[in-house]
Structure formats: C-alpha cells, structure tokens
Amino acid sequence: EAVRAGQKFYYYQDGADDAHLRKLQITARLQHAIEHGNFELFYQPQLSLLTGEIEGMEALIRWKDETLGSVFPDEFIPLAEESGLISDVTRWVVGRVREDCMALASTGKPIEISINLSAKDILDTEMLAMLTEAAVKDLPAGCSLAYEITETALVADAHAARENLLLLKNAGIHLSMDDFGTGFSSLSQLKMLPVSKLKIDKSFVMKLASDCDDQNIVEAILGLAKALKLSVVAEGVEDATAMSMLDNWGCQSIQGYHLARPMPVTEALVWLENYRQK
Ligand code: C2E
Ligand code: CA
Ligand code: CA
Ligand code: CA
C-alpha cells in the first residue's frame, strides 16, 4: 500500500511537471509568435434568422508554432492572460481584422466583425482607447467592429469593467456577452451591463435536438433576453434541427458548424459570395 501510494505520488509529480513545462514552453514561444506576428485569423459566419442574411463574422485566432505545432486558443489565451502577453495578442487581432475588413466589406453587404476581448483588455485604459479608435476610425464602408466579452471578465472588478464598457458603448460600438450561462454574473448585473447581445454558450446548444434540459435552458435564456430587450446569438449550432428549434423560439441569430466552420479570410470571402448567390 505504501509503495503504491508512493508510486502514485511519483506519477502525479511527474504529470504536474510536464504540465508546468508545457506552460513555460507555450509562454516562451508565444513571445516569439508575437514578435513575428505568427498568428492567423479565422472567420466564422453569423446568420440572422430574421433576414436570412450573413450579418457578421467572429474572428478566431489560430497559432501554428514551428516547434510546438498547432496550439489552440483555449490553451494559449489563458496563458497569455497570466503572463501579461494578452494585450499584444489583442493588438495583433484588432490590427489584422482592420486589414481583412476591406476585403470582407467589398462583397456588397454590411458586415460586422466580432473580436473576443479578455478581462484584462477591458480594465486597461490604454487598450480601451485603442479599441475605441480601432472601431470608429477609418473603417471601410459596410464594415464595423464589435467586441465580445465573457461573464467571468466582469468578476475581477465589476464596477470598473462596467464603466469601461459604457465608454465603448457610448462610442457606438456593439458589445456582446459571450458564453452566456456558464459564468457567474447575476441577473441584476446583466441588467446593468451595456451589452446589446447575448451569445448562448455552445454547451447548451450542441445537443439541443436531443437534450430536454438544454431545450428548457435555451428557451429560458431567450425569454430572459426578450425581457431585457437583448438580441441573442446561439453558438455551436451543429444541425438543422437545432437551427429550426431556435428559429421557432425567436432566437435572432446563429453561428455554428451547421452553417460554417471558422475559415481563413480568403475562404470566408468565397463562402460569403457562394452563400449569397444561393
Ligand atoms: P468562443 O469565443 O466561445 O468561440 C467559439 C468557439 O467554438 C471557437 O473555438 C469555435 O471554433 C468553436 N465553434 C464554433 N462553432 C462550433 C460548433 O458548431 N460546434 C463546436 N463544438 N464548436 C464550435 P476556438 O476557435 O477554438 O476558440 C476557443 C476560445 O478561445 C474562444 O471561445 C475564445 O474564448 C478564445 N479565443 C479565440 N480567439 C480569440 C482571440 O482572438 N482573443 C481572445 N481573447 N480569445 C480568443
Ligand atoms: Ca466569442
Ligand atoms: Ca462563446
Ligand atoms: Ca468560450
């Protein structure tokens, strides 16, 4: 028993070291990626169920490192936040979206590009000024920027976060509450926040067609959003059944593999043109 316990302890330590080492490696390589701009942006379309038009695209970062291979944002974004590198990542994303905007807007109809922000971005005054300017200054006609924030982003300093979001809103910028339903925000907090949209987290949407609990949760969120006059985007829509359920319940927009996967900008452009010709 003592030996087994000893072994377990040993293996545990070993695993913890591996995880720690990977974190250090990622953080070091992230620094390198920022210096060299070694990221890519993928775009995932958002469909308005009210008009049938593609109203926007969410920008999602991709990183393929020479030594680590592909690292997904769920793994490196939290490390970028911990190490203070996130503001550089956000700056890169905003810069690239502004470059891609020209092409995305040239397809004829207005399009809104949504950018994911971190809690740290919202509490950083300099960043806030940059985010405001990026969304209001010299964008090609037909293209606008919007920002997505998570509920957890607001926990750190709810008051400051609210004040800062209000500055963005007053500059005419659209804000969405991302991953709604998974965080800690209370309803009273939600009422006070200057967001115009909720994004229902994909964990409630992916199995919508078969899961009664998820159906009840999603209907309840839609009712709540209606009472608060917020528009709703359901993310993680993976099949036609989920899409028609959401449509019947009055959900305004959808995003998910059923419509399209995130794509590089050139592919997104071709996709957009094909979609509109159908
Ligand atoms: P998120 O903002 O909730 O983004 C949605 C995620 O769901 C994306 O994962 C997207 O590829 C994935 N997805 C879209 N449709 C479906 C679907 O139908 N089914 C399933 N199973 N998944 C779907 P991705 O691109 O790996 O990004 C993960 C998270 O990383 C994002 O979650 C966001 O929190 C963060 N992230 C991504 N790009 C950025 C960025 O530029 N800045 C910041 N701060 N965070 C980012
Ligand atoms: Ca998002
Ligand atoms: Ca989300
Ligand atoms: Ca998420």
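Think of it this way: in the chain, Cys212, Cys251 stand alone, with no other Cys Cβ under 4.7 Å.
Of the cross-linked pairs Lys109/Lys197; Lys64/Lys226; Lys120/Lys191; Lys23/Lys191, those separated by over 32 Å at the C-alpha level are Lys64/Lys226; Lys23/Lys191. Descending by average beta-carbon neighbour count within 10 Å, the peptides 143-152, 212-221, 198-207 line up as 198-207, 143-152, 212-221, the highest first.
Principal-axis analysis of the Cα atoms of the chain puts helix 73-83 at an angle of about 70° to the longest axis. Spacing of the modelled spin labels on His36 and Met192, each 7 Å from Cα toward Cβ, amounts to 4.6 nm. The distance between label points at Thr51 and Asp213 comes to 3.8 nm (points 7 Å beyond Cα on the Cα→Cβ vector).
Straightening the chain between Val270 and Asp138 buys 45.0 nm, computed as 0.36 nm per residue apart minus the Cα-Cα spacing.
Comparing Cα centroids, segment 104-183 and segment 193-220 end up 22 angstrom apart. As a proxy for reagent exposure, Leu139, Leu230 were ordered by neighbouring Cβ count within 10 angstrom, fewest first; the result is Leu139, Leu230. Built from the Cα atoms of the chain, the convex hull projects on average onto 17.8 nm², one quarter of its surface area. Does segment 30-167 come out rounded, prolate or oblate by the C-alpha gyration tensor, with a ≥ b ≥ c the root eigenvalues, rounded set by a/c under 1.5 and, if not, prolate when a/b is larger than b/c and oblate if not? Here segment 30-167 falls in the oblate category. Among the chymotrypsin sites (Phe, Trp or Tyr not before Pro) in segment 49-129, none is located in a DSSP loop while being surrounded by at most 14 other Cβ atoms within 10 Å of its own Cβ. Summarising the amide proton neighbourhood of Glu148: residues at separation of 5 or more, or on other chains, whose placed amide H is nearer than 5 Å comprise Ile115, Asn116, Leu117, Ser176.
From the square roots a ≥ b ≥ c of the eigenvalues of the alpha-carbon gyration tensor of segment 46-123, which class results: rounded (a/c under 1.5), prolate (a/b over b/c), or oblate? Since a/c reaches 1.5 and a/b is larger than b/c, the shape of segment 46-123 is classed as prolate.
Values quoted throughout were computed directly from the atomic coordinates according to the rules given, and no laboratory measurement underlies them. Not measured: the values here are computed from a predicted model. Heads up, the Cβs are rebuilt from the backbone with ideal geometry, glycines too, and the neighbour counts pull from every protein chain shown.
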